[in-house]
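Below is one structure, written out as structure tokens; comments come after it.
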Amino acid sequence: MSATSDPLTPSRSFPETQTVWIADRLSEGEAGLMLANGYVMESYVRPLSIYCSKIGLARMVRIDADDLVHGFFANRLSNSEYLKSWLTSGLRLRQWLRNGLHFYVHELRRQNATQLGLHIGGQALSEEVLSEGAAHDHEFERAWALAALDLAMKETKEELETRNRRDEWEMFWSHHVEGVPHAKIGERFQLSAAQVAQRAFAVGAQLRDALCGILRKDGALGSEIDVEVRSMMEVLNELRS
Amino acid sequence: MNSDPDLHHDDFGASRAVAMRLFCAILGPNAHPIDRLAARCTASDGAQWSSQVLAAFVPVPKSIESWITWKDMAKTGIRESDLHAGDPLALAAFLQYLCAIAGALAFDGTVITKTSAVEIRRALNVVGPLIEPRWQDTFRRARVRLDQIKEIGSTK
């Protein structure tokens, strides 16, 4: 039996070695590339789109934010080398994509300007575009934190539903989010407080594993997960400027 | 509360509170008390809860000795294990403890705790914006004082 199939046993910890899921997919040829591209689009479209809306990036090129991000993915991911370049960049995948999006917007603006017979851009383009992105780092990190948590929740709930254990998500939610005592939840599900505590704990571990998987695909090491989670909490709590 | 939320729907309100609590659950015993306190303050009844907790802080101290007395009283309600488990009473005591530290700092710059300046600053930054305006101002002034102390230290 695998560790995750037993609801009362927390899943094993991730190993410390960095095993980049996307690198493995890219080594599998066309089919792997499609999987990797699919994962990137599914996981990053929302935070990038929210980011575009919040900082007005889409308005610069007069495109809807979702359309802009989908256009960016279509343009960049059609190049099989794009994700391979990320692997050697030393950046987190989210930062790589955000920078790429800024470059893509700059390209669109340049195209539009050329069509109108104007000239934009010039020297030190990289620095200009990257500093533009860095200035809005907080907005993006905030959108990313929520998106990653959303994805982890979705994955956990789907896994529980597959095993007909949706009730355990409700127990976890009631206790950890709504603050209902275990004993009270137990009355609803005809379980003892200890049984509810065990199930809620196991779901918490499963959610943690799901988030770990997402963060590792983004390029984090297994040993950095707690630090990553704390920085996600901080970015959510920071003052609105 | 909906257990299938869209966390992006309202990322400064209810969704943020849900996210904070989920992150605390993910960290489990490793969640820092500051983050647990922030999660409690961002809950739907968080503002009301913190106001009630802070309403016990009367009269407002007018000397460093009074702030220290408050801090010591709050400390008696904090049991580390309860705090790490997110116990509401322990969190309430922790909020009062933090307010006493902030109050003393804002009063005349006195640091009445052995906790590191980095940790105090983080607590002031994270919890400060989540509590009632009067205390937000105290936390803000405490943060300014803390920065001044740091600057004095770095020029010595």
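The values are calculated or read from the model by the stated rules, or taken from the named source; none is laboratory data. Keep in mind that what you see is a predicted model, and the values were worked out from it rather than measured. So basically every Cβ, Gly included, is an ideal-geometry build from the backbone, and we count neighbours across all protein chains shown. The area values use the complete protein model at the heavy-atom level, side chains included, leaving out ligands, DNA and RNA. Shrake-Rupley method; radii C 1.70, N 1.55, O 1.52, S 1.80 Å.
The fraction of accessible area contributed by carbon and sulfur in the stretch B:14-155 is 57 percent, rounded to a whole number (1.4 Å probe; ligands and nucleic acids excluded).
Say R0 is 45 Å: what FRET efficiency, to the nearest 0.05, do residue A:23 and residue B:48 get from their beta-carbon distance? Calculated value: 0.35.
What are the trypsin sites (Lys or Arg not before Pro) within the stretch B:45-102 that DSSP puts in a loop, where the Cβ has at most 16 other Cβ atoms within 10 Å? Intermediate values should be presented prior to the final figure.
Working: sites: B:62, B:71, B:75, B:79; in loops: B:62, B:79.
For trypsin sites (Lys or Arg not before Pro) across the stretch B:45-102 that sit outside H, G, I, E and B with at most 16 neighbouring Cβ atoms in 10 Å, the list reads B:62, B:79.
With a 1.4 Å probe on protein heavy atoms only, work out how much accessible surface A and B bury together, total over both chains, in Å² to the nearest 100. Display every interim value, and only then the final one.
Working: alone 13610 and 9060 Å², together 19430 Å².
For A against B, buried area totals roughly 3200 Å².
For the residues of A:139-152, the average number of beta carbons from a partner chain within 10 Å of their own beta carbon is 3.
For the stretch A:29-123, the solvent-accessible area of protein heavy atoms averages 52 Å² per residue (probe radius 1.4 Å; ligands and nucleic acids excluded). Averaged per residue, chain B has 48 square angstrom of accessible surface, using a 1.4 angstrom probe with ligands and nucleic acids left out. Charge tally for residue B:123 (other residues, Cβ to Cβ under 12 Å; Lys, Arg +1; Asp, Glu -1): +1.
Within straight-line reach of residue B:114, meaning a Cα separation under 29 Å, sit the following lysines at least 8 residues removed in sequence or on another chain: B:62, B:71, B:75, B:150, B:156. Structural descriptor for chain B: relative contact order 21 percent, calculated from alpha carbon pairs under 8 angstrom and at least 6 residues apart. Rounded to the nearest 500, the helix-only mean residue ellipticity at 222 nm of the protein assembly as shown stands at -22500 deg cm²/dmol, with each DSSP H run of n ≥ 4 adding -39,500 (n - 2.57). Partners of residue A:217 within straight-line reach, counting lysines whose Cα lies under 18 Å from its Cα and excluding those fewer than 8 residues away in the same chain: A:84, A:154.
In whole percent, and with a 1.4 Å probe on the protein chains, what portion of the accessible area of the stretch A:141-237 is carbon and sulfur? Looking at the stretch A:141-237 in its full context, I get 48 percent from C and S. Note on residue A:60: accessible area is roughly 80 Å² with a 1.4 Å probe, heavy atoms of protein only.
Spin-label pair residue A:81-residue B:147: with each label point 7 Å from Cα along the Cα-Cβ axis, the two points sit 4.7 nm from one another.
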